[in-house]
Structures are given as C-alpha cells and as structure tokens.
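The values are calculated or read from the model by the stated rules, or taken from the named source; none is laboratory data. In this text, all values refer to a predicted model and were calculated from it rather than measured experimentally. Cβ placement follows ideal geometry from the backbone for every residue including glycine, while neighbour counts extend to all protein chains displayed.
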Amino acid sequence: MSDLQLIIRLLLAVILSGIIGFERELHGRIAGLRTHILVGIGSCLIMLTSIEIYNAYRLSGNVDPSRIAAQVVSGIGFLGAGTILRFRASVRGLTTAASLWTVAGIGLAVGCGFYKGALITTILAFSSLFFLTRIERAYLRKDWYRTLDIVGTGNADELRQVRNILDIYKAEIRDIELRKKESSSDIITVMNLKLLTDEEDDDIINDILRIKNIKSARWE
C-alpha cells in the first residue's frame, strides 16, 4: 500500500466519521465530533494494520487478516456503554452508543478499501440521525411512563388537587397506592403515570409542592 493510499483512507475515515459525530455534537451528546472521529480513524488504522500484517506474513502460513479488526466490533462496546446514562426513569445515550458502533464499522470499511459501503452507510446513518429525529417530533407521539412519590396527608382533598394538576398536564393515572410512612403520620402516595412528554417533569413537581400539607414530591 502506497503512502498516498494510506493518507487517503485515514482522511476519508476522519471525514465520514466526523459527519456523524457533528450531528451528535449538535445535540450536545457526551460522545460528539472528536469521539466519533477518534473511533473512526482508530478503526481504520486497525484495519490497515491487519492488512499490512497479512501482506507481510501471508507466505509463512495461515494468516487471518480479519482477526485483529474483528476485536474492534466487540471492543467498542465499552465506549458505547459509557455514553448510556440512566436519567430518572429513562435511559439515554442508546442512539449515541449505536452511532459509535456504526462509525467503527465505517472506519473498518474505509481501512480495507470498501469505500462505496462506507459512504452509503455514512449517508444512511446521518440521514437517520438528522431527519428521523425531526419526523418523530413532528408526527409521532410517544408516551412516557413515570412513577411519582408524594409525601403528605393523603386525604381526599389533597388527592383531588393533585389530580387537577395532573389533568392540566394531560397526565393519566394508571395506578395509585397509599403507604404509611414509618415513624411518622405522613402518607406516601405512589402514582404510576402516563405522560405525553418528559419535558414538563419539573413543572409538575413544582405545582404539586404548592399544595398545602405536601411535604415532598419526586420522580422515582
């Protein structure tokens, strides 16, 4: 492999992985432009190294050029796991983890000279990340399921006021349970809710805390 081919493949890996990383950077994700570029160029280098090892030792016996590169697919898992976060009752970062895994594949494809596959995958991946997000927000309604814990008196008037607030936010009560708090006369009201969005969580809590005798309210 000539020096020019080496440079072209590494630069192409930077460009293609950078395109996907740029979209993640725009959305403020933990793994953004730099992380995706490093994954892409690193994967490309590993593939190039595998090819060089194969060319150097293929006459000496049975050499598998894909053995080293194959470890990228499994090894990228630790980096993807680092982008997955549990926030309250939801899990975030799965898309970014998947994009890192895809970028690793793109880097391997560029490294072995499979430019067409790498380019098509980049276009499809970027389109999925950039355009499908907007389509989902515009046309697809997603329900959010949350559990709300309220500490108060648990009387009928208090529950009625809580229901009124939830009605304002179009939150549907799926299940409700009252528990006696240990070493106290307070009642813990546990509500399983179906919400239309997860962007009004703090507003719901703040409104509930304004109710008389409500001591605390939080999402599990």
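Summary of values
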| read-out | value |
| --- | --- |
| Meets criteria (under 23 Å from Ala97 (Cα atoms), surrounded by fewer than 18 Cβ atoms within 10 Å (Cβ to Cβ), in contact with a helix residue (DSSP H, G or I) (Cβ under 8 Å, 6 or more places away or on another chain) and assigned by TED's automatic domain parsing to the domain that holds Ala118) for Leu12 | no |
| Any hit, segment 46-54, residues being modelled with pLDDT under 80, hydrophobic (A, V, I, L, M, F, W, C) and not in a helix (DSSP H, G or I) | no |
| Flag for Gly107 being assigned to a helix (DSSP H, G or I) and of a type in the set (Gly, Ala, Ser) | yes |
| So Asp203, is it at pLDDT 85 or above, surrounded by fewer than 14 Cβ atoms within 10 Å (Cβ to Cβ) and over 17 Å from Ser216 (Cα atoms) | no |
| Residue list for segment 23-37, restricted to those being surrounded by 18 or more Cβ atoms within 10 Å (Cβ to Cβ) and either hydroxyl-bearing (Ser, Thr, Tyr) or under 17 Å from Ala81 (Cβ atoms) (or both) | Arg24, Arg29, Ala31, Thr35, His36 |
| Segment 145-183, residues that are touching a residue at least 60 places away in the same chain (Cβ under 8 Å) and charged (D, E, K, R) | Arg146, Asp149 |
| Candidate set from segment 178-199 (those that are surrounded by 14 or more Cβ atoms within 10 Å (Cβ to Cβ) and more than 15 Å from Val162 (Cα to Cα)); member that is farthest from the chain's Cα centre (by Cα) | Asp186 |
| Filtered residues of segment 141-177 (kept if closer than 17 Å to Glu220 by Cβ, surrounded by fewer than 18 Cβ atoms within 10 Å (Cβ to Cβ) and not acidic (Asp, Glu)) | Trp144, Tyr145, Thr147, Ile173, Arg174, Ile176 |
| Tally, over segment 154-164, of residues that are modelled with pLDDT of 90 or more and either within 31 Å of the chain's Cα centre (by Cα) or in a loop (DSSP other than H, G, I, E, B) (or both) | 0 |
